[in-house]
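For reference, the structure is listed below as structure tokens.
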Amino acid sequence: PAGNTGSPADGTTCSKSGCHNGTAVTQAGIITSDVPTSGYIPGSTYNITISLTGSGKKGFQVSPQDINGNVMGSLIAGTGTKILGTKYITHTAAKSTTSCTWTFQWIAPAAGKGAITFYGAFAITQSTTKKSTLVVNEAVVVAAPSITSFTPTSAVVGATVTITGTGFTGATS
């Protein structure tokens, strides 16, 4: 069922939902992406990959949320995945290979949302569950300076020239 990613708003993982038992152990690196280290660009599409290893049937549920449980961006299902509502993505069928991956796409939200956390809960077997997060930052875009005018149009060395425009913040020369 939806709502078992371990996010603060969901408050639970698949280990507590009645699907699986045991306590979900936190493990880094299960969720990866091709979002650059410089951050996501609003409206751009990125690949998100889930990688699980171990013996037994494996599955997952992931959601990109803010701290209040609002979905951040949009999800696009890939091979072997499906969307639950508009907020969650999960597997269509458990995989039992020792090492398995699922890939889906994420469309980054509008500008100004800041860092986004992907929360995920993962089943390795009926009683072995994990949780993991991935945080992606928003790219900081600095507009190039633009000159709209300057006066005078010519001057001798040492004369004052006034340059008018935008994007000069932090300029020193």
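Here's the picture: charge each Lys and Arg Cβ at +1 and each Asp and Glu Cβ at -1 in the chain, and of 9, 128, 79 the one pushed furthest to the positive end of that dipole is 128. With both labels modelled 7 Å from their Cα along Cα-to-Cβ, the residue 92 to residue 169 distance reads 4.7 nm. Sorting 63-72, 140-149 by average packing, meaning the other beta carbons within 10 Å per residue, from highest down gives 63-72, 140-149. Of the solvent-accessible surface of the chain, computed with a 1.4 Å probe and all protein chains present, 55% belongs to carbon and sulfur. For a straight C-alpha distance cut-off of 18 angstrom, the lysines reachable from residue 130 (same-chain residues fewer than eight places away being disregarded) are 16, 57, 58, 95.
How much length would be gained if the chain were fully extended between residue 2 and residue 32, taking 0.36 nm per residue of separation minus their Cα-Cα distance, in nm to one decimal?
On the way: separation 30, 0.36 × 30 = 10.80 nm, distance 2.12 nm.
Going from the current span to full extension adds 8.7 nm.
Listed by chain and number, the aspartates and glutamates whose alpha-carbon sits under 17 Å from that of residue 87, ignoring those within fewer than 8 places in the same chain, are 10, 66.
Taking a probe of 1.4 Å, how large is the accessible area per residue of the chain, in Å²? The partial results should precede the final answer.
Details: 9390 Å² over 173 residues.
Solvent-accessible surface per residue comes out at 54 Å².
Calculate, for residue 74 and residue 156, the FRET efficiency according to 1/(1 + (r/R0)^6) with r their C-beta to C-beta distance and R0 41 Å; round to the nearest 0.05.
Numbers: r = 59 Å, r/R0 = 1.43.
Efficiency at R0 = 41 Å is approximately 0.10.
Of the residues 166, 38, 63, the one whose Cα sits farthest toward the positive end of the charge dipole of region 17-173, with +1 on the Cβ of Lys and Arg and -1 on the Cβ of Asp and Glu, is 63.
The values are calculated or read from the model by the stated rules, or taken from the named source; none is laboratory data. For clarity, every value in this text was computed on a predicted model and none was experimentally measured. With ideal geometry, Cβ positions are generated from the backbone for all residues, glycine too; neighbour counts draw on all protein chains shown. The protein model used for the area step is the full one, side chains on, heavy atoms only, and it has no ligands, DNA or RNA in it. Shrake-Rupley method; radii C 1.70, N 1.55, O 1.52, S 1.80 Å.
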